[in-house]
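The values are calculated or read from the model by the stated rules, or taken from the named source; none is laboratory data. Computed from a predicted model, the values in this text were never measured in an experiment. Glycine gets a Cβ as well: all are built from the backbone with ideal geometry, and neighbour counts include every protein chain shown. Areas reflect the complete protein model, heavy atoms only, side chains present, ligands, DNA and RNA absent. Shrake-Rupley method; radii C 1.70, N 1.55, O 1.52, S 1.80 Å.
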Amino acid sequence: MENSVEEKQARTLPNPNPDQDEHLDPSDAKEDENDVVDDDEEEDEDEVEEQEPPSKPLSREAQLRAHKSKMDDLFRRMQTEKVNLRVHDVLIKGNTKTKEWLIEAELEGLKSATTLQGLLEAAGIANARLQQFDIFDSVRVTLDSGPPELPGTANVIVEVVETNNPLSGECGAYMKTTARSWTVEGSLKYKNWFGHGDVWDGSVAYGPNQTSEVSAGVFLPRFKGLLTPVLVRVSLLSQDWQEFSSYKERLLGLSLGLLSTRHHDLVYNLGWRTLTDPSKMSSRSVRRQLGHSLLSSLKYTFKIDRRNSSVRPIKGYAFVSTTQVGGLAPDHRSLRFLRQELDLRYAVPFGFYHAALNFGISGGVIFPWGRGFLDKPSPLPERFFLGGDFSPICTLGGPTTVWGFKTRGLGPTEPRRQIKDKPNDENSDFPGRDFLGGDLAVTAFADLSFDLPIKWLRDRGIHGHIFAGAGNLAKLTENEFWNFSFRKFLESFRSSVGVGIVVPTKLFRLEGNFYYIVKQHDHDRGKTGFRFSFSAPS
């Protein structure tokens, strides 16, 4: 009897609408029961009777219509109501070298999802995070139905394709905050050496003023259960400031990234700095700071950039705040200082010819701390220096640029030491004074950019701009803050205006500008004229 029941059920057509329940009349149920009994009694006769022909399968078009109807119903439910769903299991495939726990750590959000909408959102976030590791050629996250005995569940299948060539190289132009200038840098990277998502790299950078840097580092996306990546870097930085301030700087340092998110960055720096004067002509203030010193500082940066472009912003705003505390070491040679920088940018679109007005204001202050700090000077390399032909549109991170002035071309100065058997070279620009920088710095600018009337130039992003800028420096340490006056500080601002053409490239921003110096002081190095400049996004 049981066999005949199973046969009859196998020949029964499936219900085309599984969402609706079948309602049977009691008389129909009684007839079905009698049929089963009759079939059991006349089993021999049924064996010789011809079997009923199988039902015709649904056509492909009918199957597609049924599938489309189910998908439309699913999308409608997703838009109008929450679909309860939880993750039953997570399967990871394709990771031959990468540790499984590294991938699982990025999938924690999937396991806590309770709805289909939340699961899809968490899957998208996990996919983006795995792509950011830069160790996979592709990442695919698939949602599959869970076991039949566990309704309302889903399985998550993560398929990764590890990169075939872990060794890569790149070259570009960058703004170096440590060097306060742009540099051309080449680097080599080796990815996922130990399967922890680790990225090892070595780089060499070179820039103006004989600035050179050799560094090596390792990036770990996950370390000891920390939620943020860890970056460790060793570097050797050399800079020649003899032309401007009569000293050379060498810094052997170690930096440890403690926190790195979209808007927050926390770095600990430890370095051994050496300042020398090969010319033996430095001013008294520079000579007082020559020798060795220990840099042990903690630097926190908050950054938000909502501009549509860092090379040619048309709309949006940006804000950066950097706080640095130096002297986190018991050694008496440790540089003790507090340094704060603020930078605000805003772009206003005009709605025609891609015209936009960019304006910004930057400020910074540095002050020593510790016993007798009122009588002490601030560390010379940590002071603010203004000048240089870098575009303030690209450089975001503190007061640096005043158009039309050369590098370290304005601010407090001091006469260099005179040597009888080595007279000053009268052909050089102001060889008799050292630029000392300032403890307080403020800069401001306005830049109006617009498309040029030639289509060939517009198609390549080449545009024109009219600009104006101003800035000033002041000394506050060694009891000079008692003599500080805001009115005198504002009246002594240096300023310039100009017009030029901008050629954006993938590596840097090239500008050909004509500068006109509106106001400068004695010993400043501002110059009216036409010059080219290169700027790299910071």
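Accessible area, 1.4 Å probe, largest first: how do T443, T163 sort?
Numbers: T443 10, T163 35 Å².
In descending accessible area the options line up as T163, T443.
Net charge near T142: determine it from the other residues with C-beta under 11 Å of the C-beta of T142, scoring Lys and Arg +1 and Asp and Glu -1. Intermediate values should be presented prior to the final figure.
Working: positive: K93, R140; negative: D144, E159.
Counting the neighbours of T142, the net charge comes to 0.
Quick check: convex hull of the Cα atoms in the stretch 449-514, volume per residue, rounded to a whole Å³? Walk me through the numbers on the way to the answer.
Numbers: hull volume 7.6 nm³, N = 66.
So the per-residue Cα hull volume is 116 Å³.
Which value, in Å² rounded to 10, gives the accessible area of L328 with a 1.4 Å probe and all protein chains present?
90
Taking only Cα atoms of the stretch 178-297, what ratio of Rg to Rh do you get with Rh as the Kirkwood inverse-distance radius?
Values: Rg = 17.2 Å, Rh = 16.2 Å.
Ratio value, two decimals: 1.06.
Applying 1/(1 + (r/R0)^6) with R0 = 25 Å to the Cβ-Cβ distance of Q63 and T142, what FRET efficiency is obtained, to the nearest 0.05? Kindly include the intermediate steps, with their values, before the conclusion.
Numbers: r = 22 Å, r/R0 = 0.88.
Efficiency for this residue pair is about 0.70.
Give the separation of the Cα centroids, the stretch 197-224 to the stretch 76-147, in Å.
With the stretch 197-224 and the stretch 76-147 each reduced to a Cα centre, they are spaced 32 Å.
Out of the stretch 475-538, which GluC sites (Glu not before Pro) are coil in DSSP terms and have no more than 15 other C-beta atoms within 10 Å?
Sites meeting the loop and neighbour criteria: E478.
Enumerate the calculated ³J(HN,Hα) couplings along the stretch 387-404 in order (Karplus 6.51 cos²θ - 1.76 cosθ + 1.60, θ = phi - 60°), each rounded to whole Hz, writing x wherever the residue is Gly or Pro.
Karplus-based 3J(HN,Hα) across the stretch 387-404 equals x, x, 9, 7, 6, x, 5, 8, 7, 10, x, x, x, 9, 10, 10, 4, x Hz.
When all C-alpha to C-alpha distances in the stretch 333-382 are sorted into bins of 5 Å, what percent of pairs does each bin hold, rounded to whole numbers?
5, 15, 19, 11, 10, 8, 8, 7, 7, 5, 4, 1
How large is log10 of I(q)/I(0) for the stretch 337-414 at q = 0.23 Å⁻¹ when the intensity is taken from the Debye formula with one equal scatterer per alpha-carbon?
-1.12
Using the Kirkwood radius over Cα pairs, work out the Stokes-Einstein diffusion coefficient for the stretch 72-162 at 10 °C and 1.306 mPa s, in µm²/s as a whole number.
Values: Rh = 13.8 Å.
Calculated translational D: 115 µm²/s.
To the nearest 10 Å², what's F481's accessible area with a 1.4 Å probe?
So the heavy atoms of F481 present about 60 Å² to solvent.
How do I466, I157 rank by accessible surface area computed with a 1.4 Å probe, from largest to smallest? Could the numbers behind the result be given before it?
Working: I466 85, I157 30 Å².
From most exposed to least exposed: I466, I157.
Say each of E159 and D240 gets a label point 7 Å from the Cα, pointing the same way as Cα to Cβ; how far apart are those two points in nm?
Using points 7 Å along Cα→Cβ, the separation is 5.7 nm.
Considering the dipole of the stretch 72-162 built from charges on the beta carbon (Lys and Arg +1, Asp and Glu -1) around the Cα centre, which of V156, V141, L110 is farthest to its positive end?
Result: L110, furthest along the dipole toward the positive end.
Quick one: order Y353, Y206, Y515, Y317 from most to least accessible surface, probe 1.4 Å.
On the way: Y353 160, Y206 130, Y515 0, Y317 85 Å².
Listed by decreasing accessible area, they come as Y353, Y206, Y317, Y515.
With a sphere of radius 15 Å drawn around the Cβ of I462, what net charge do the other residues whose Cβ falls strictly inside it have (Lys, Arg +1; Asp, Glu -1)?
Values: positive: R312, K455, R458, R460, K506, R509; negative: D451, D459, E511.
The answer is +3.
At a probe size of 1.4 Å, how large is the accessible area of K455, to the nearest 10 Å²?
The accessible area of K455 comes to roughly 130 Å².
Do any trypsin sites (Lys or Arg not before Pro) in the stretch 209-271 lie in a DSSP loop with no more than 11 other beta carbon atoms within 10 Å, and if so, which?
Numbers: sites: R222, K224, R233, K248, R250, R262; in loops: R222, K224, R262.
Answer in residue order: K224, R262.
How large is the convex hull of the C-alpha atoms of the stretch 280-438 per residue, in Å³? Provide the component values of the computation, followed by the final result.
Values: hull volume 21.0 nm³, N = 159.
Spelled out: Cα convex hull of the stretch 280-438, divided by residues, is 132 Å³.
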